[in-house]
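The values are calculated or read from the model by the stated rules, or taken from the named source; none is laboratory data. Treat the numbers as computed from the prediction; the structure is a model and nothing was measured. All Cβ positions, even for glycine, are placed from backbone atoms using ideal geometry, and neighbour counts span all protein chains on display.
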Amino acid sequence: MKVLVKSLIILIFLGVGFIGYSQQKPNVIIIYTDDQGAIDLNCFGATDLVTPNMDKLVKSGIKFTMFYGAPVCSPSRAGLMTGKTPQRAGVPGNVSSTNPKSGMPGSEYTMAEMFKDAGYRTAHIGKWHLGHPVDRQPSAQGFDYSFGHLVGCIDNYSHFFYWNGPNRHDLYRNGKEVFYPGQYFPDLMVKEASQFLDKNNPKKTGEPVFIYYAMNTPHYPYQGTPEWLKYYQEKGVAYPRDLYAAFISTMDEKIGLILRKIDELGLTENTIIVFQSDNGYSTEERAHFGGGNAGILRGSKASLFEGGIRVPAAICWPGKIKAGEVRNQFAVNADWMPTLADLCGINLDTKELDGKSLKPIINSKAAQSVHQDIWCWQLGKQWAARNGDWKLLGNPSVHFEKFAEKDSLFLVSLKNDPGEMTNIAPENPGKVKELKKQFEVWLEKNR
């Protein structure tokens, strides 16, 4: 009898004592927003936006203040899906909408394949932008179900991709083109995700679900609902911030609907939710040359200054991850794949990955950064190398700004100059040499 009681105590201890353990593996939902500025929700610093659902989500778990994606859409998604640098994942820049060879190679082992191999039912809802050929579409990359658009953005009502032409319709379900003219794409996303959850409810099937909920908001075209546009214009929010803000609050409403659905199905307590933007806000012409906000951070989308790559991010898991926590350690989106494997008890071979599990940081705010604040980025001729508080940018670029030849190597101390406004390379030639060498070594490994 004593042996039986002792065994029960051990089993109970194992069952409640460690993050990531459950009799049934937890469901996982990644909410990935598009071109959302570094402070563009209230809990990250915005004072002129209405974002109650995103705020509630972030506050229900751990908020990351030093989290990084990539400077543009496709590389960010490739890093997320593979746990690698975008270069090693085969997506150094945005995927072409016309080149059939462009996109993430099918040979890459994706997060969706990881979850599928672990017995999860997997779904992609929303934006893809990792290749439109059949062998590079979501269905070929581990997703049991897929609904959304394959290229970088669509009009939210016609579902056409407008770029340099030819303009074309771009809405697919499981690889087959579908037509819903006039129906609002954010509403279609909510509907598709809700139906997937209804059909694959883990409480009925016994199998957990993984949903990659990749929103095309607040990416241009800015098409927030008339109600929110009226709200911000009546508040006196100036153009183009009013258009962007309306889309942000519209997006927040849709995220609220997804969270409500999860709760209605009784899945909240056993669901991990990751929230992140892919990159900084856009200053492109189609985005009215702005609207977003990165606070004190310099730069925006397509720049390797902090405003282009540092993004809002959070993770929550009620009862398993403490609510209302903040982490200031350096982390990157390639870390999500090994982190989720760790939390979900999935055996993942991480030897070839660049990302590292954030579980130590999740468990303790005193834990050291898993990367020791060392990382590199590249987009075209631009590059950046970070080591601790030091960051060196090569051929820096910011929309609307011109850089002198002497600033082609731009050194900053993020501790002393978080806005990256002053180039201190001339006074620190040794540090410039050190970081330049770091990038060259990284580049050789990432070719």
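Observations on the model:
- Selection from the stretch 262-319 of residues that are basic (Lys, Arg), part of a loop (DSSP other than H, G, I, E, B) and either under 18 Å from the mean Cα position of the chain (by Cα) or not assigned by TED's automatic domain parsing to the domain that holds Asp252 (or both): Lys301
- Qualifying residue in the stretch 247-261 (condition: free of Cβ contacts under 8 Å to residues at least 60 places away in the same chain and closer than 27 Å to Ser60 by Cα): yes
- Filter pass, Leu414 being among the aliphatic types (A, V, I, L, M), over 30 Å from Lys56 (Cα atoms) and surrounded by fewer than 20 Cβ atoms within 10 Å (Cβ to Cβ): no
- Scanning the stretch 61-89 for residues that are in contact with a Gly (Cβ under 8 Å, 6 or more places away or on another chain) and surrounded by fewer than 24 Cβ atoms within 10 Å (Cβ to Cβ) turns up just one, Lys84.
- The helices (runs of 4 or more DSSP H) found wholly in the stretch 108-210 and carrying at least 3 residues that are without any contact (Cβ under 8 Å) to a residue 24 or more places away in the chain occupy 185-199.
- Against the conditions (1) among the β-branched types (Val, Ile, Thr); (2) surrounded by 17 or more Cβ atoms within 10 Å (Cβ to Cβ); (3) in contact with a helix residue (DSSP H, G or I) (Cβ under 8 Å, 6 or more places away or on another chain), Val134 satisfies every one except (2).
- The single condition from (1) touching a residue at least 24 places away in the same chain (Cβ under 8 Å); (2) assigned to a loop (DSSP other than H, G, I, E, B); (3) closer than 26 Å to Leu358 by Cα that Gly90 fails is (1).
- Taken together, Ser277, Ser303, Ser282 contain a single residue that is buried (at least 24 other Cβ atoms within 10 Å of the Cβ), closer than 30 Å to Gly345 by Cβ and among the hydroxyl-bearing types (Ser, Thr, Tyr), which is Ser277.
- From the options Arg286, Arg310, residue that is touching a strand residue (DSSP E or B) at 6+ places or on another chain (Cβ under 7 Å), among the charged types (D, E, K, R) and farther than 17 Å from Tyr212 by Cα: Arg310
- Only strands (runs of 3 or more DSSP E) whose full extent lies in the stretch 366-447 are considered here, and the ones with at least 2 residues that are in contact (Cβ under 8 Å) with a residue 24 or more places away in the chain and more than 22 Å from Ser76 (Cα to Cα) are 409-413.
- Any hit, the stretch 325-337, residues being acidic (Asp, Glu), over 23 Å from Val412 (Cα atoms) and surrounded by fewer than 22 Cβ atoms within 10 Å (Cβ to Cβ): yes
- Residue match in the stretch 53-74 (condition: closer than 21 Å to Asn216 by Cβ and more than 16 Å from the chain's Cα centre (by Cα)): yes
- Unmet criterion (only one of (1) more than 19 Å from the chain's Cα centre (by Cα); (2) among the charged types (D, E, K, R); (3) under 29 Å from Asn201 (Cβ atoms); (4) not in a loop (DSSP other than H, G, I, E, B)) for Lys254: (1)
- Scanning the stretch 323-356 for residues that are within 26 Å of Pro208 (Cα to Cα) and either outside the structural domain of Phe210 (by TED's automatic domain parsing) or β-branched (Val, Ile, Thr) (or both) turns up Val332, Thr339, Ile346, Thr350.
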